[in-house]
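Student: Shown below is the structure under consideration.
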Amino acid sequence: MTQTPKTLFDKVWDAHVVKQDAGAPAVLYIDAHLIHEVTSPQAFNMLRQRGLRVRRPDKTFATMDHAIPTRQTEMTLWPADAAHQVRTLRQNCADFGLTLWDITGEVQGIVHVVGPEMGVTQPGMTIVCGDSHTSTHGAFGALAFGIGTSEVGHVLATQCLLQAKPKTFAINIEGELAHGVTAKDIILAIIAQNGTGGGAGHVFEYRGSAIAKLSMANRMTICNMSIEGGARAGMIAPDETTFAYLAGRDYAPKGREWQAAVARWRTLRSDEGAVFDREMTLDANKLQPMVTYGTNPGQGMPVSGQIPTPDQLADPAERRALLSALEYMGLKPGQPIAGQPIDIVFIGSCTNGRIEDLRQAAEVVKGRRVSDSVWAIVVPGSKAVKAQAEAEGLDRIFAAAGFEWRGAGCSMCLAMNDDKAGAGKYVASTSNRNFEGRQGPGARTLLMSPIMAAAAAVNGKVVDVREMI
Amino acid sequence: MNPFTTLTAAAAPLRAENVDTDQIIPARFLTAVTKAGMGDGLFAAWRYDPTGQPRPDFVLNQPQYAAAQILIAGRNFGSGSSREHAVWALTEYGFRAVISPGFADIFYNNALKNGLLPVPLPEEAVRLLLDLVEEQPDVQIQLDLGAQTVSLPDGQSYHFAIDPYRKECLIEGLDDLGYLLAQEAAITAYEHSNTKN
């Protein structure tokens, strides 16, 4: 008897369909629900209004990351609204009996850094959070996606969501990354090629020889930005790298259960002959360090290139988008991106705030000085990342070079706290979004890898990091 | 949720592609713990200059579009962050529908959960609608969810797609939670059959 070959996505989806009524979306079971201070309060309000409890407190994990200052931890010095959100989250977690990784404790940080660190994120799970970068957890072979606050309420109350089944999109990345080219460059190249709406309605599966060689941190960087490619989720089949990362983590299975789990996880890969709705291939050998020049993450280019000119774009809407982006960015069509002066450097975020990212950036920074014209900050993704970096002396390397060394949080990725770039300032940022005003009203973001951002900090301008390493 | 059946209203033209949720409502407005007041932050960076004065060239500051309940925008509307605040901002401001060649997935879902009708139309149709409402700001556009049509006073009409289940929920004003809570037995059975749960 032969079975129809299934994709990784199909296997995880099918295993979580509680019920599928004719003419209705699937009732999809959620294995892990992550929450944070910004998108959860209105959901808890709804529970109270309707007299509902949290159905599975044991599958719900909260931390604080978006609004919190990373400069100091003394709450009396915080802006009143951020402090109020954090207190509200504490109250909600206490009232409903939820695990909270509080800023006062040892475990805390960006929700998409902490979840994997704690071993909550596991292959084959469904994971949701009121945050679009929940796609990060797909690096473990989980189906993980961002939801709105209404859906946060649905999961709190029922541990389920009503979901239409998305389509599948295989992204094959073959070959070897050149020295100085990173996972960030892979995902920026995919989005540049495919557009920010290219993945709409689909779940990406990243596969191929270039993906197999990547660390979990690098895989998380790629899956993290699936949403920037328009896909709600991105997945990578779990392998020995995944199992080695998870072994021994707090919430990972132990002993005999670990053996059983690994055996189950090994089946989580797309079968030979499985059919995807769409497919694309990227040659890793040809990639260069990438830099964005515009106001959406699809407006990216190799560091050696020139900003496109409108006549290179056939589509009037794309031309309009280019011109409006360049006007905001204060950049010119045809201009080389290398040499563009930089005012601020931000190293951090759920995209590139992990220990591996900081190690790589520190390697570039070591023995050098941040340019006098640059304000540079490093914001570790979690307290664990911060502690590990300090144990390795990375904080001293950054500080000696002139970087500020901060506490864990989202910080200047979205500028909800006091880390804001000023109007008109150019920011070399390892985060995920270069939208207008994302890093502060009027701020101009250039997305790049941690080593490219480190190189920009040292030189005060965009440079090709390969010339420095 | 307020039901949506038909709407005849003026529309505002927003000639921009990839309007992301950071534009619809910047992060600095996300520090609230309720939904109230989001309308004030709608398109804040485009609506107001750094001193807080309205920018006269922005469409929502132009008196001829003050009554608009339909927003017409370029492709990939609502991309980026999952913040439902973007939908709350649009609805509190007074919009009941958005017409675009395409929507980002999370925004689309969030809209449906708040009675804001997302209307996907072909690129060409959206371009014609943008031209029309720029020329005739008071033109009344008729949305009929039951018939899935966008109709103009001259008789021109466009059909739009929507999932039949979502359409029913909007017309009846039903949210997902009632449906999900009614699945309690099935959810418990699922949990029992999956020992790892």
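Student: Using DSSP to call loops (not H, G, I, E or B), can you name the GluC sites (Glu not before Pro) in region A:220-303 whose Cβ has at most 12 other Cβ atoms within 10 angstrom?
Tutor: Answer in residue order: A:272.
Student: Now a separate question. Rounded, prolate or oblate: pick one for region B:61-103, where a ≥ b ≥ c are the square roots of the eigenvalues of its C-alpha gyration tensor, a/c under 1.5 means rounded, and failing that, prolate if a/b is larger than b/c, else oblate.
Tutor: The shape class here is oblate.
Student: Determine the percent antiparallel among the DSSP beta bridges restricted to region B:6-195, to the nearest 5.
Tutor: Close to 45 percent.
Student: When you take every Cα atom in region A:113-189, what is the radius of gyration, and what is Dmax, the widest Cα pair distance, in Å?
Tutor: 15.3, 49
Student: Which semi-axes, in whole Å and largest first, does the equivalent ellipsoid of region B:38-151 have when worked out from the alpha carbon gyration tensor as the square roots of 5 times its eigenvalues?
Tutor: They are 22, 19, 13 Å, listed largest first.
Student: In debye, nearest 20, what is the charge dipole magnitude of chain A about its Cα centre with +1 on Lys and Arg Cβ and -1 on Asp and Glu Cβ, if you could check?
Tutor: Taking the Cα centre of chain A as origin, the dipole is about 520 debye.
Student: Now, a different point. Which of the residues in region B:164-197 lose at least 40 Å² of accessible area when you go from the chain alone to all protein chains together (probe 1.4 Å)?
Tutor: At a threshold of 40 Å² (probe 1.4 Å), the residues of region B:164-197 that become less exposed are B:165, B:177, B:179, B:180, B:181, B:183, B:187, B:190, B:191, B:196, B:197.
Student: Counting Lys and Arg as +1 and Asp and Glu as -1, what is the net charge of the other residues whose Cβ lies under 15 Å from the Cβ of residue A:464?
Tutor: Around residue A:464, the surrounding residues sum to +1.
Student: If you don't mind, there's one more thing I want to ask. Can you bin region A:330-469 into rounded, prolate or oblate? Criterion: square roots of the alpha carbon gyration tensor eigenvalues sorted a ≥ b ≥ c, rounded for a/c under 1.5, prolate for a/b above b/c, oblate for the rest.
Tutor: Note, shape of region A:330-469 comes out oblate.
Student: Can you give me the angle between helix B:123-135 and the longest principal axis of chain B, using Cα atoms only, in degrees from 0 to 90, rounded to the nearest 10?
Tutor: Computed tilt is about 40 degrees.
Student: State the percentage of accessible surface on chain A attributable to carbon and sulfur atoms; use a 1.4 Å probe and exclude ligands, DNA and RNA.
Tutor: Whole-percent figure for carbon plus sulfur exposure: 50.
Student: Residues of region B:6-195: accessible area per residue at 1.4 Å, in Å²?
Tutor: 38
Student: Any chance you could give the angle, 0 to 90 degrees and rounded to 10, that helix B:184-193 forms with the longest Cα principal axis of chain B?
Tutor: The two axes meet at around 60 degrees.
Student: What does region B:6-195 give for Rg and for Dmax, in Å, if only its C-alpha atoms count?
Tutor: 18.1, 63
Student: When the accessible area of each residue in region B:106-128 is compared between its chain alone and the complete protein assembly (1.4 Å probe; ligands, DNA and RNA ignored), which residues differ by at least 10 Å², being lower in the assembly?
Tutor: Hits at the 10 Å² cut-off: B:106, B:109, B:110, B:113.
Student: Calculate for chain A the 222 nm mean residue ellipticity that helices alone would give, adding -39,500 (n - 2.57) per DSSP H run of length 4 or more and normalising by residue count, nearest 500 deg cm²/dmol.
Tutor: -9000 deg cm²/dmol
Student: What's the whole-number percent of alpha carbon pairs in chain A lying beyond 34 angstrom?
Tutor: Within chain A, distances greater than 34 Å cover 31 percent of Cα pairs.
Student: Considering only C-alpha atoms, what is the centroid distance from region A:103-175 to region A:268-313, in Å?
Tutor: First find each Cα centre; the distance between them is then 24 Å.
Student: May I pose another question? For the pairs A:366/A:386; A:165/A:213; A:59/A:420; A:11/A:286, flag any whose C-alpha to C-alpha distance is greater than 24 Å.
Tutor: A:165/A:213; A:59/A:420; A:11/A:286
Student: I'd like the interface area for chains B and A: accessible area of each alone minus the complex, both sides summed, 1.4 Å probe, protein heavy atoms only. What is it in Å² to the nearest 100?
Tutor: Using a 1.4 Å probe on protein heavy atoms, the buried area is about 4800 Å².
Student: How large is the charge dipole for region B:6-195, taken about the Cα centre, if only the Cβ atoms of Lys, Arg (+1) and Asp, Glu (-1) carry charge, to the nearest 20 debye?
Tutor: That gives a dipole near 340 debye.
Student: Using a Förster radius of 30 Å, what is the FRET efficiency between residue B:191 and residue A:49 based on their Cβ-Cβ separation? Nearest 0.05, please.
Tutor: 0.70
Student: Counting DSSP beta bridges with both partners in the protein assembly as shown, what percentage is antiparallel, nearest 5?
Tutor: Antiparallel bridges make up about 30 percent of those DSSP assigns within the protein assembly as shown.
Student: From the backbone phi of region A:17-23, what are the Karplus-calculated ³J(HN,Hα) couplings (6.51 cos²θ - 1.76 cosθ + 1.60, θ = phi - 60°) in whole Hz, Gly and Pro given as x?
Tutor: Coupling constants for region A:17-23: 7, 6, 6, 9, 6, 4, x Hz.
Student: At a 1.4 Å probe, what is the % contribution of carbon and sulfur to the accessible area of region B:6-195?
Tutor: Percent of accessible area from carbon and sulfur atoms in region B:6-195: 53.
Student: Let me ask something additional. Rolling a 1.4 Å sphere over the protein heavy atoms, what is the accessible area per residue of chain A, to the nearest Å²?
Tutor: 34
Student: Need the C-alpha centroid separation for region B:137-165 versus region B:178-192, integer Å.
Tutor: 37
The values are calculated or read from the model by the stated rules, or taken from the named source; none is laboratory data. Note that the coordinates shown come from a computational prediction; the quantities given were computed from them, not determined experimentally. Every residue, glycine among them, receives a Cβ derived from its backbone with ideal geometry; neighbour counts consider all protein chains shown. For the accessible areas, the whole protein counts, side chains as well, though only heavy atoms, and no ligand, DNA or RNA atoms are used. Shrake-Rupley method; radii C 1.70, N 1.55, O 1.52, S 1.80 Å.
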